[in-house]
């Protein structure tokens, strides 16, 4: 295997959650570009189907399955339908997530619970379902956040706690599955990338935060985050498991 070929995913089946918009779309396109068959899932069925058709027009092989990651039954159904269609699940990218800012003394219990259910529990239910069928050589990539490791001046207890929980989950699943099942489990910790989440922030907040906190002086481009996902999904990272890779323009240096 040549060095460049290690970044290829020809013949592999990749499931991407939260793939109807934002980084999920970029991840699905990037994985398709390196040869993977891509199964995209999310709650917005119309957008998912449109993205699957776009991937197919670009020469890829894609399937859209509408599902809610907070539902254990839905997570199992996504994996079952993928297995029925393609006979394998080689890569899982747990991208589905919610953000939300609320002062800790005024945050409603349902708001906190819902963010944790999507970001942390949804990742676990999808990983659990995939881990039952993955063969040796499989890879799970969890999308945590730089806010699991630092703060950015907004009251985001639910989001930060859920994304920090993903780091613990990543390490535990890596310890459980890497040796016994041959499944690698890693995470990325992105900072600021174009997404529906980022659209919730005021422009003045983003400009000030990036100026003060990001040494590279700008938000990231989707392809820059996608490259990290492809690396961790592919044989290029075959001796890496249980790590959290910041994709943050140096934000954790400040």
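Bear in mind these aren't lab numbers, they're just calculated from the coordinates by the rules spelled out. The shown structure was predicted, so the numbers you read here are calculated from the model rather than taken from an experiment. Using ideal geometry, Cβ is built from the backbone for each residue, glycine included, and neighbour counts are taken over all protein chains shown.
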**Prompt:** What FRET efficiency comes out for the pair residue 151/residue 172, r = Cβ-Cβ distance, R0 = 30 Å, nearest 0.05?
**Reply:** 0.80
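If neighbour count is taken as other Cβ atoms inside 10 Å, put 203, 208, 74 in order from fewest to most. Intermediate values should be presented prior to the final figure.
Details: 203 7, 208 12, 74 19.
Listed from fewest to most nearby Cβ atoms, that is 203, 208, 74.
Only Cα pairs under 8 Å and at least 6 apart count here; give the relative contact order of the chain as a rounded whole percent.
Details: 513 pairs, mean separation 50.8, N = 254.
It comes to 20 percent, rounded to a whole number.
For the chain, report the translational diffusion coefficient in µm²/s to the nearest whole number, using Stokes-Einstein at 4 °C, 1.567 mPa s, and a Kirkwood Rh over Cα pairs. Please report the intermediate quantities before stating the final value.
On the way: Rh = 18.2 Å.
Roughly 71 µm²/s, to the nearest whole number.
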**Asked** By average Cβ neighbour count within 10 Å, what is the ranking of 100-109, 130-139, 225-234 from highest down?
**Response** 225-234, 130-139, 100-109
**Complete:** Computed over the chain: longest principal axis from alpha-carbon atoms vs helix 22-33 long axis, angle to nearest 10 degrees, is 30
**Prompt:** Okay, which of region 9-26 sit inside 17 Å, backbone N to the point 7 Å along the Cα-Cβ direction of residue 43?
**Reply:** 17-25
**Request:** Starting from the Cα of residue 50, step 7 Å toward the Cβ, then list every residue of region 69-84 with an amide N under 17 Å from that point.
**Result:** none
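Using helices alone, what [θ] at 222 nm do you get for the chain, with -39,500 (n - 2.57) per DSSP H run of 4 or more residues, divided over all residues and rounded to the nearest 500? Intermediate values should be presented prior to the final figure.
Values: 8 runs with 102 residues, N = 254.
For the chain, the value works out to -12500 deg cm²/dmol.
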**Prompt:** Roughly how many whole Å is it from the C-alpha centroid of region 188-254 to that of region 1-43?
**Reply:** 18
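Work out the FRET efficiency for residue 77 and residue 4 from their Cβ-Cβ distance, taking R0 = 41 Å, and round it to the nearest 0.05. Write down the numbers at each step before the final one.
Values: r = 36 Å, r/R0 = 0.88.
Rounded to the nearest 0.05, the efficiency is 0.70.
Subtracting the Cα-Cα distance from 0.36 nm times the residue separation, let me have the gained length for residue 240 to residue 133 in nm, one decimal. All intermediate terms of the calculation are to be shown ahead of the outcome.
Details: separation 107, 0.36 × 107 = 38.52 nm, distance 2.09 nm.
Separation in residues times 0.36 nm, less the Cα-Cα distance, equals 36.4 nm.
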**Request:** Fewest Cβ neighbours within 10 Å first, please rank 33, 221 accordingly.
**Result:** 221, 33
**Item:** Calculated FRET value between residue 86 and residue 221, using beta carbons and R₀ = 35 Å, to 0.05
**Value:** 0.70
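Could you order the peptides 171-181, 152-162 from most to least packed, using the average number of other C-beta atoms within 10 Å per residue?
Numbers: 171-181: 15.6, 152-162: 19.1.
So the peptides 171-181, 152-162, ranked by packing, come out 152-162, 171-181.
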**Prompt:** On a 0 to 90 degree scale, rounded to 10, what angle separates helix 122-131 from the longest Cα axis of the chain?
**Reply:** 20
**Message:** Could you tell me how far the Cα centroid of region 53-119 sits from the Cα centroid of region 162-181, in Å?
**Reply:** 18
